[in-house]
Amino acid sequence: MGRGRTRMEARLGALGTGGRSLVVGERVYTLAELLDTLGLGFEGCRAIDAHALGEGQFAVRYYDPEEQRVVAVEFDAGFRYLRESRVPLAEWAGEAGLASPLIEDGPWTWS
């Protein structure tokens, strides 16, 4: 397992283990709404999961098909970026697995 994957999973758990919605402030946001609010709702972007990290900090993970990376964006209750991590998908799928159509439509991604 690669170092990037190890760090991301230590902080946020295995892919898909977070929520499919998240309460920020007084509102419940779906994964798609979170990505749109953060300006990440681009074509092909595949939401993975969302996490409440405590003390007004949150994270959303998504798959970026152009870069073939899993991305975790951490933000505060005002949707201001705190940090971002990008890990090559190959660390989960292996080099041979990247050619699979199941990667973009994997069991841990949602539109």
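The values are calculated or read from the model by the stated rules, or taken from the named source; none is laboratory data. Just so it is clear, the model here is predicted, and its values are computed rather than measured. Note that each Cβ is placed from the backbone with ideal geometry, even for glycine, and that neighbours are counted across all protein chains shown.
For this structure, a couple of remarks:
- Selection status of Arg61, buried (at least 17 other Cβ atoms within 10 Å of the Cβ) and within 15 Å of Ser21 (Cα to Cα): yes
- Within segment 21-49, the set of residues being under 11 Å from the mean Cα position of the chain (by Cα) and either charged (D, E, K, R) or closer than 14 Å to Ala59 by Cβ (or both) comprises Leu31, Leu34, Leu35, Leu40, Arg46, Ala47, Ile48, Asp49.
- Selection status of Glu67, outside any strand (DSSP E or B) and modelled with pLDDT of 85 or more: yes
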